[in-house]
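Engineer: Before we start, here is the structure in question, set down as structure tokens.
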Amino acid sequence: MENVTIMDKVLEKKMEGYGFEKTDFTAPQELTVTITLCEYRDLISKVATRQAAIDKANEDKYSRDSENERLKKEIAELKAELYEYQKKTEAAKEPEEATE
């Protein structure tokens, strides 16, 4: 019977407002942890620092991806150019072989 009342309390808090998620409540007999303001500030600064590191890594990834795309295009152009040079060289050698 006690479980039913706890579930009712939790559901009541979750359904309190349409489209609004309320997470700052405790149900009866729920385990809670209390932290100091200093610990809270330390936690927030670590989260903010970590988010900044993640953002920087994402930015670096996008710049590397664009550089890789540029280099792939350059490689494809150079391969095409090399192929054309090889065709011209082979075409120039064929008449020489025929005259020998």
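The values are calculated or read from the model by the stated rules, or taken from the named source; none is laboratory data. Since the structure is predicted, the reported quantities are computational estimates derived from the model, not experimental observations. Quick reminder, even Gly has a Cβ in these numbers, built from the backbone with ideal geometry, and neighbours come from all protein chains shown.
Engineer: It is to be established whether one or more residues within the range 9-22 are part of a helix (DSSP H, G or I) and at pLDDT 90 or above.
Structural biologist: no
Engineer: Six or more apart or on different chains, Cβ under 7 Å: which pairs go from a residue in the range 30-45 that's under 30 Å from T5 (Cα atoms) to one that's among the polar types (S, T, N, Q) and surrounded by 10 or more Cβ atoms within 10 Å (Cβ to Cβ)? Could you list them?
Structural biologist: Short answer, once both residue conditions are applied: T32/T26.
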